[in-house]
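The values are calculated or read from the model by the stated rules, or taken from the named source; none is laboratory data. All values reported here derive from a predicted model rather than from experimental measurement. Please note: Cβ atoms are built from the backbone with ideal geometry, for glycine as well, and neighbour counts cover all protein chains shown. Each accessible area value is taken on the protein alone, full model and side chains, heavy atoms only, with ligands, DNA and RNA left out. Shrake-Rupley method; radii C 1.70, N 1.55, O 1.52, S 1.80 Å.
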Amino acid sequence: MTPQAQGDPIELKNLARRAAEQLQAAGIDKRSCAAVAEQLDDLVDDNEFWRFQAHSLAIFVTPQNLRTFRLPNALQPLVIVSDRFHVKPLLRSVSFPQSCYVLALAQKSVRVVEVSPDLPSTAIHVEGMPEDAGRAVQGAGEAGDWPRSPRPRLRASAGGRC
């Protein structure tokens with residue numbers, strides 16, 4: 001287990017405590033609160049479970065059931081107590097399972113951005129790419145224009161997040 005993974009059960013224990021406080025504040029009966037807490041405690045103590053983790057973990061728990069989902073994208077820690085599961089933060093995981101490139105054209109800038117489901121977006125340098133949209137469309141029909149080489153070479157720029 002990596003040092004990060006060793007800290008994850010501790011973080012879950014702290015989040016479980018917040019969930020218990022929210023359940024009590026919502027007036028949930030003690031038996032249901034105890035059932036939720038017991039399931040979360042069992043998960044914290046499950047060493048085999050913690051051996052294989054992704055960037056994020058989503059846990060949906062009721063007094064009768066606990067479901068976990070390992071996710072490729074990084075989510076912020078969040079505790080929601082409600083009568084239904086809060087799935088909005090998970091939508092990117094199911095709606096965007098693959099990497100892609102985005103060509104972002106603006107009047108005064110042009111850039112290529114690599115987007116993946118489990119990493120931050122990264123600006124990509126493309127040799128010979130025009131500096132703005134106006135230059136990109138000038139002479140667009142001419143064979144010798146952009147891209148100048150038959151295959152543009154992509155490379156990540158240092159610290160080029162977007």
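The table that follows gives values for the structure above.
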item: Residue in the stretch 19-36 that is touching a strand residue (DSSP E or B) at 6+ places or on another chain (Cβ under 7 Å) and surrounded by 15 or more Cβ atoms within 10 Å (Cβ to Cβ) present; result: yes
item: Selection within the stretch 46-64 - farther than 30 Å from Pro120 by Cβ and in contact (Cβ under 8 Å) with a residue 12 or more places away in the chain; result: Thr62, Pro63, Gln64
item: Of all residues making up the stretch 42-64, the number that are open to solvent by less than 80 Å² (accessible area, probe 1.4 Å) and over 25 Å from the mean Cα position of the chain (by Cα); result: 1
item: Residue check for Val115: under 19 Å from the mean Cα position of the chain (by Cα), modelled with pLDDT under 80, open to solvent by 100 Å² or more (accessible area, probe 1.4 Å) and among the hydrophobic types (A, V, I, L, M, F, W, C); result: no
item: Verdict on Ala74 being touching a residue at least 40 places away in the same chain (Cβ under 8 Å) and open to solvent by 60 Å² or more (accessible area, probe 1.4 Å); result: yes
item: Any chance Ser121 is modelled with pLDDT of 75 or more and farther than 30 Å from Leu71 by Cα; result: no
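Each row is one residue, and each column tells you yes or no for (1) under 24 Å from Ser93 (Cβ atoms); (2) part of a helix (DSSP H, G or I).
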position	(1), (2)
Glu11	yes, yes
Ala16	yes, yes
Ala19	yes, yes
Leu40	yes, yes
Gln53	yes, no
Gln64	no, no
Arg67	yes, no
Arg70	yes, no
